[in-house]
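**Q** To start, I am sharing the structure in question, which I have written as structure tokens.
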Amino acid sequence: MVETINCPVCGEVNPIELVDCNKCGRLLRQTTSELDGVGELINSGQIPTEKKTSELEMALPAWLRGAREGDKDDETTKTSDDSSLDSLSSPPPQAKESAPTKAAPLDWLAGLDNDDDEDEEEAADWLVNIQDNLPIEIESEEEVPVGIPASEEPITATEAPRPSDEEEPPLQTGELPGWLSDLQGESADGNFEAMSDLLSQKSSAAPKDVIDEGGFEGDDNLDWLSKLSKEADAISSYEETPSVHPDSLSTTDPDSPDFKEADSLPDWMGDLRPAGEVSTNETSPSIPIDEFSAQLSGESDASPISSLAEESRPLITRDDLPDWLSSEKEASSEDKGQPEQTPIAASDLPDWMTESAEELPAEESVGESLTPSSDDLPDWIASNSSEDNPAERADQVDDFLTEDALEMEALTQEQASQKESVPSLDMAVDADENKISSAIKAELPDWISEMGQPATGSPPESTDEVSIPAFTEVEEPDLVASLPTVEGIDEEKETEDAPAPGTPLVEDNVFSSSTDENVDEIFGNETPDWLSSLDPTDEDLAEEEPDDIVPKVDGNLSGGELPGWVQAMRPVGTALSDPSAGSGESDNVTAESGPLAGLSGILPSGLDLGQINKPMAHSLKLNVSESQQSSATILEGLLASESKPGSFKPQTKYSSIPVVRWLIAALLFLIVGSSLLSQSHMTPSPNIVVPEIRDTIEIINQLPEAGSALLVFDYEAAFSGEMHAVAAPLIDHLMLRGEKLVILSTLPTGPALAEHFLVETQSSHNYQRNDEYLNLGYLPGGPSGILSFITSPRIAITGKVDGTSVWDFPPLASVATLSDFSVVIVMTADVEKGRAWVEQSTIPLGETGSPPLLMAVSAQAEPILYPYYASGQVDGLVSGLSGGATYERLQGQSGLGRKYWDSYSVGLLLAEILIAVGAMVNLLAALKVRQARNKDEG
Amino acid sequence: MSRYLSPIIAISVGLLVLLGYFLTEGALAGVRVTFVQWAVILAGAAIFVGVLNLLSVHIKKIREKEKGGLYSLLLIASLMITLTLGLVLGPNHSTMTNIFNAVIFPVETSLMAIMAVTLIYAGIRLLRYRNDLMAILFLATALVVMLGAAPLPFFEIPLFGDLIRPIFVNTLAASGARGILLGVALGALLTGLRVLIGADRPYGGK
Amino acid sequence: MQTSALAGLGLILLSAILLIGLSLLKERVKASFRDISAFTNLNKALGSAVEDGTRIHFSLGSAGVDNPRTAASFSSLSVLRHSVEFSASGDKPPLATSGDAALAILSQDNLHTAYRVAGAEQQYKATTGRLAGMTPFSYAAGVLPAIYDEDISANILVGGFGSEVGLLSDAAERKQSFILAASDSLPAQAILYANAQEPLIGEELYATGAYLKAGRAHLVSLYVQDVLRWLIILALLVGAAMKILAGLL
């Protein structure tokens, strides 16, 4: 069976022997197959085999291999300063003309070449060393771990690469990686210092010193980095934004005596130093980063640079700075053996970061104050002051370029023996634009050359300066000037008489706040707002003297937006500003602007394209079509509606109309009251003789005389108005018969109600208490109590009245059981009470000879209790006002029944009219609403 | 144990009283009477507890100065005065009778009078939110009964009081009432049985 | 024992047997009852009251526990308990008023149980179960201030009411609150039909437990009620037929 393999792109089935897909032509296997035997594909869980880095070179893209090959060629040749300058100043097309393999000296990608074992370091050592508490080992070869070179060490997936024995010590912060320093060749060894050196205050070494000491070379060494270190040493004061360039420009040996401390640092570096620190030798105070940040953000009134002169707290030590930023010379003599937290001295700063020591008399003072030269300041800082002192800036640029070129070769030779290949701050400080030879300047890419040009466009003319410090104590750039200043700025400003610092690496106008576009060009669209919004014409800056641009604190660094490693790699702008420096003598393409400004050997942007332009700024906005926008709008609306509570339809409530109530009450009061008061008798008495009333009358007429009648008052006081009218004629009839009354109630208010009834309706009979009538009181227990009383009254009622048993009184003298009563009359308005009495007394009262059971009930209970009469359980029934009125009429009496009859009739009629009319109105309104609702729904 | 004590007492006593109603002869009758008497006593004691609860509610209302706190103060004062006089003078004393006649009697009769206005207004408003056939029939029946309850002033509708109203009251209403009462009785029966078998515990507890 | 007593005892025994037997047959007996909108609206009203943070008022009537109307009181207690279990999480505790002292004590006990079941025992307050009055109209007079002044959004008037329920329903209607009312008294039912939003007529009072998911026993008892009702209907028809035949013969 033929083995097949599916194409990872199109899915076509191909024979396993094929390399490319038959359908789409893509590789059937992973790119690692390009290793071609170098290594097999690694499956999951499989530990990769160790490989040598050199063996993996074939895995690199062709263009990268070519660049590395070109780097190799450059490394082997030691060119003059001109050639090194050419690497920076040569336009990209020129560089492209050369073989791609012959990479520019500044081919930072050449680190993949492992030919140079000496200078190879860990690729990310300089990044690794961007940490605190890392010992500075750049100067000490003894600290290099013993072992196979890191480049040759196979990198496994299970373990981190270990430093090679032959490798140089880990890079300090800002230190160039070994592969980067390798480009400089042996002469570049030692040119690079830890990035932490950048933060240290350097002696006023002219930038050109950096260059002379080994900055620019004809080969692919990163001479421009070494220039930076020299410039930092040379420059002690700045009038413009000091250029920031890595020590690779400079080949100055950090330990060599030629290193001069940079008195000034770039603003962004200088700000990191305490403002009050002015020591150039032993102490290298740093500025608290937080304060620096605060100053930059405007929280502090002090200018970040000027405030640095006051701080004396060393927070960023030498260890934190890359080697190329720190003075190797000072470090070797001073910092060696010191604890890791030794602050960076001003002398440790590269030349380009400090003012020129020779040309600038105020170099030392500047070094004390560590005010970086405006030339060495980034352009975005230097541009702020460029408008004020364009001439000085131009002079600084020229000086830097000149000196840098002269010092380049010297630095290269001195640094060749060093294994460290980190940029040195000293070199940067010592770098001086004036030292840069014209040839070198001619080789510089235009974009680097432009950076050295002042705002006015005129290049610096002065080339007398030996070194142009990277940071000179010149007028504060506008960018920095816009920052709030702090009080107590070190007033030792020597930049007034100080010569112009070296040409900044970066064009002034690039970082000019007045030209935000330039800022954007450099940083693309990611320029922080605070950076782009800085106004070079700020009043604060205008008031500041040029010397106040940078703080007079050792080791202070001004802030910069470019990362340190980018800053370190940037060549000195002054070295590139000389148009005659790079007049096409070199084929290497050198970047003239941008992050790679000053770097040679970059890939050309294209033939006949002229100067490399900055990449187009692309908008970060998405291109959204209308349909997408509408969809997004809909989605947004849906999401927003989710958070909104839905409309709640409350239940329909019908409000009460108090006016109607008042109207009804008023009408009732008026009509019923008038009728009651008038006693007009306009309504005839009921003449219907209902049988239940007739039977009741007959029963009472047949009662034995002087008997005892049991009266049960089981209605509430609220129903007394009706019940009095119902029961009054019955009780009156009973009293006329001479019956004694025994009152009982199953309600707590019953006994009192009975007394009231007798007083209100039967006062004419003048019955005496305990003689003619006896009130037994409250009978508890409800139906159970009723049953108990019916069964055995003397047990159920044992109460005493005034100390005498109730059964001794005359009404109960002859009563022992329920049957001994002559009649039982239950008066109630409650159906349940009536039912209870009826149901409980049916059995005892059903027997022969038992007393009759009569009921006087309210009209509301009649429908329920009438069946009891119909069934014979109740012997007589008087219900409602009509029953009472009928009873009175039949008895020929005139009582409450007749009295209330007219009012009752009128009131009923009024109620009927109101209910009928109101109901009709509401019915029509409801029908209208329903029609409207149906219409809406329809 | 307390969780089962209440159901045990409730079920046992309920069954004994129920059987005592049907078995009037024998010991169960006496047991039933005894339990009933105990229930009566407990009901009286419950009245005392209820009064205390009433006092606590209104005292809290007064203390927290809630709305109607003045009326709560009046209620507590009236309660104390009536209780004191009743304990001292006796329930049959004329003073107590006068208090009843002056306060309780007119208040309750007034509330009943308000009922008349309320019911008339309810009749007017019935078709406003319940405009269906049953509501119309309900109102019509009410009007017929009212018309037949009393003769109209100055004239009388023939057959209304003699024939129509008795049919509505004694036949239609009564039959419907009986059916409802039967259902109520069945519901009461099953409710009582649920308590007797322990399925329902109105006396609290899960 | 008289015939009527025997008939009554037989009815009770039959009901008990049906109730116990059908309760044991959980799976076979699946009763389905007609939909009563009053209980649906009751759940809505309870939920709304909880959400609004208003109070729910349970009026248990004045029937007491020592009279034939005790069943209505028991039914009202069942409604109270299961409704409070549902609405125990409200901001304001529900209010239970009674017209009988013993009923007031039972209402407090049921409130306490409901809170305990709902896991909110600490929210129980004894003053939420009140004795409003000793007589029906004094009870109504005592409840009216609570309806007007205590931010009540739902009134559950279930129990042994008389005509005084008209005052309570009228007050609740003035406050535009939800009213669910049920009584075993015919006059009260007539008044509630005209005054209340959701009146329960007839034996629907005793069906509240079943519709409120109080337990299977409530469902079974309702089922037994239907069985007994059909038996009574059958007995009435048979009796009427026999009476007619006897008259004819």
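**Q** In the list C:58, C:74, which residue meets the criterion of being at the interface with another protein chain (Cβ under 8 Å from one of its Cβ atoms) and modelled with pLDDT of 90 or more?
**A** Exactly one residue qualifies, and that residue is C:74.
**Q** Okay, moving on. Please specify each residue of the stretch C:79-107 satisfying the condition of being under 15 Å from residue C:214 (Cα atoms) and either more than 10 Å from every other protein chain (Cβ to nearest Cβ) or surrounded by fewer than 19 Cβ atoms within 10 Å (Cβ to Cβ) (or both).
**A** C:79, C:82, C:83, C:84, C:85, C:86, C:87 - these are the residues of the stretch C:79-107 that are under 15 Å from residue C:214 (Cα atoms) and either more than 10 Å from every other protein chain (Cβ to nearest Cβ) or surrounded by fewer than 19 Cβ atoms within 10 Å (Cβ to Cβ) (or both).
**Q** Would you pick out the residues in the stretch B:129-145 that are within 8 Å of chain A (Cβ to nearest Cβ) and crowded, with 18+ Cβ neighbours inside 10 Å?
**A** Those that are within 8 Å of chain A (Cβ to nearest Cβ) and crowded, with 18+ Cβ neighbours inside 10 Å: B:131, B:139, B:142.
**Q** Right, here's the next one. Look through C:110, C:155 and report the one residue that is more than 12 Å from chain B (Cβ to nearest Cβ), crowded, with 22+ Cβ neighbours inside 10 Å and within 19 Å of the chain's Cα centre (by Cα).
**A** The match here is C:155.
**Q** If you take the residues of the stretch C:96-107 that are within 16 Å of the chain's Cα centre (by Cα) and of a type in the set (A, V, I, L, M, F, W, C), which of them is farthest from residue C:131 (Cα to Cα)?
**A** C:106
**Q** Moving to a separate point now. State yes or no: is residue C:219 more than 8 Å from chain B (Cβ to nearest Cβ) and not in a strand (DSSP E or B)?
**A** yes
**Q** How many of the residues making up the stretch C:140-165 are over 23 Å from residue C:202 (Cα atoms) and of a type in the set (Phe, Trp, Tyr)?
**A** Matching residues across the stretch C:140-165 total 1.
**Q** Just to be sure I understand, how many residues within the stretch B:167-206 are modelled with pLDDT of 85 or more, outside any helix (DSSP H, G or I) and more than 7 Å from every other protein chain (Cβ to nearest Cβ)?
**A** 1
**Q** Based on what the data block shows, is residue A:691 at pLDDT below 85, under 30 Å from residue A:824 (Cβ atoms) and surrounded by 11 or more Cβ atoms within 10 Å (Cβ to Cβ)?
**A** no
So that you can scan it fast, the table gives a plain yes or no per residue for (1) facing chain B (nearest Cβ under 8 Å); (2) farther than 21 Å from residue B:203 by Cα; (3) surrounded by fewer than 22 Cβ atoms within 10 Å (Cβ to Cβ):
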position	(1), (2), (3)
C:120	no, no, yes
C:149	yes, yes, yes
C:195	yes, yes, no
C:224	yes, yes, no
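**Q** For residue C:48, are the conditions met, namely being more than 8 Å from every other protein chain (Cβ to nearest Cβ), surrounded by 24 or more Cβ atoms within 10 Å (Cβ to Cβ) and assigned to a helix (DSSP H, G or I)?
**A** No: the conditions fail for residue C:48.
**Q** Got at least one residue in the stretch A:862-876 being more than 24 Å from residue B:184 (Cα to Cα) and more than 60 Å from the chain's Cα centre (by Cα)?
**A** So far as the stretch A:862-876 goes, yes, one or more of its residues are more than 24 Å from residue B:184 (Cα to Cα) and more than 60 Å from the chain's Cα centre (by Cα).
**Q** Next question, about the same structure. Anything in the stretch A:855-874 that is surrounded by fewer than 24 Cβ atoms within 10 Å (Cβ to Cβ) and β-branched (Val, Ile, Thr)? List them, or say none.
**A** The one that is surrounded by fewer than 24 Cβ atoms within 10 Å (Cβ to Cβ) and β-branched (Val, Ile, Thr): A:864.
**Q** Tell me which of these residue B:6 doesn't satisfy, since it passes every other one: (1) hydroxyl-bearing (Ser, Thr, Tyr); (2) within 12 Å of another protein chain (Cβ to nearest Cβ); (3) without any contact (Cβ under 8 Å) to a residue 40 or more places away in the chain; (4) assigned to a helix (DSSP H, G or I).
**A** Just one mismatch for residue B:6, condition (3).
**Q** So which residues in the stretch A:896-926 are within 60 Å of the chain's Cα centre (by Cα) and either more than 7 Å from every other protein chain (Cβ to nearest Cβ) or small (Gly, Ala, Ser) (or both)?
**A** A:925, A:926
**Q** Another question about this same structure. Hey, among the residues in the stretch A:621-657 that are surrounded by fewer than 10 Cβ atoms within 10 Å (Cβ to Cβ) and within 14 Å of another protein chain (Cβ to nearest Cβ), which one's modelled with the highest pLDDT?
**A** Only one residue fits best here, namely A:645.
**Q** Tell me which residues, restricted to the stretch C:168-193, are within 19 Å of residue B:114 (Cα to Cα), within 19 Å of the chain's Cα centre (by Cα) and surrounded by 24 or more Cβ atoms within 10 Å (Cβ to Cβ).
**A** C:168, C:169, C:172, C:188, C:189, C:191, C:192
**Q** Being of a type outside the set (Val, Ile, Thr) and assigned to a helix (DSSP H, G or I): is that true of residue C:176 here?
**A** Considered against the rule, which asks whether it is of a type outside the set (Val, Ile, Thr) and assigned to a helix (DSSP H, G or I), residue C:176 comes out as no.
**Q** Restricting to the stretch C:117-146, give me the number of residues that are of a type in the set (Lys, Arg) and at pLDDT 90 or above.
**A** 1
**Q** Still on this model: Out of C:191, C:244, I need the residue that is at the interface with chain B (Cβ under 8 Å from one of its Cβ atoms) and part of a helix (DSSP H, G or I). Which one?
**A** One residue alone meets the criteria, C:191.
**Q** In this structure, is residue A:877 surrounded by fewer than 21 Cβ atoms within 10 Å (Cβ to Cβ) and within 14 Å of chain B (Cβ to nearest Cβ)?
**A** So residue A:877 fails the test.
**Q** Here is a further query. Against the definition (part of a loop (DSSP other than H, G, I, E, B) and within 12 Å of chain B (Cβ to nearest Cβ)), how does residue C:162 come out, yes or no?
**A** Judged against the criteria, residue C:162 is a match.
**Q** Quick one: would you say residue A:814 is away from every other protein chain (no Cβ under 13 Å), part of a helix (DSSP H, G or I), surrounded by fewer than 21 Cβ atoms within 10 Å (Cβ to Cβ) and among the polar types (S, T, N, Q)?
**A** Spelling it out, it is not the case that residue A:814 is away from every other protein chain (no Cβ under 13 Å), part of a helix (DSSP H, G or I), surrounded by fewer than 21 Cβ atoms within 10 Å (Cβ to Cβ) and among the polar types (S, T, N, Q).
The values are calculated or read from the model by the stated rules, or taken from the named source; none is laboratory data. Predicted model only: the values in this text are computed from it and were never measured. Neighbour counts are summed over all protein chains in view; Cβ atoms, including those assigned to glycine, are modelled from backbone coordinates with ideal geometry.
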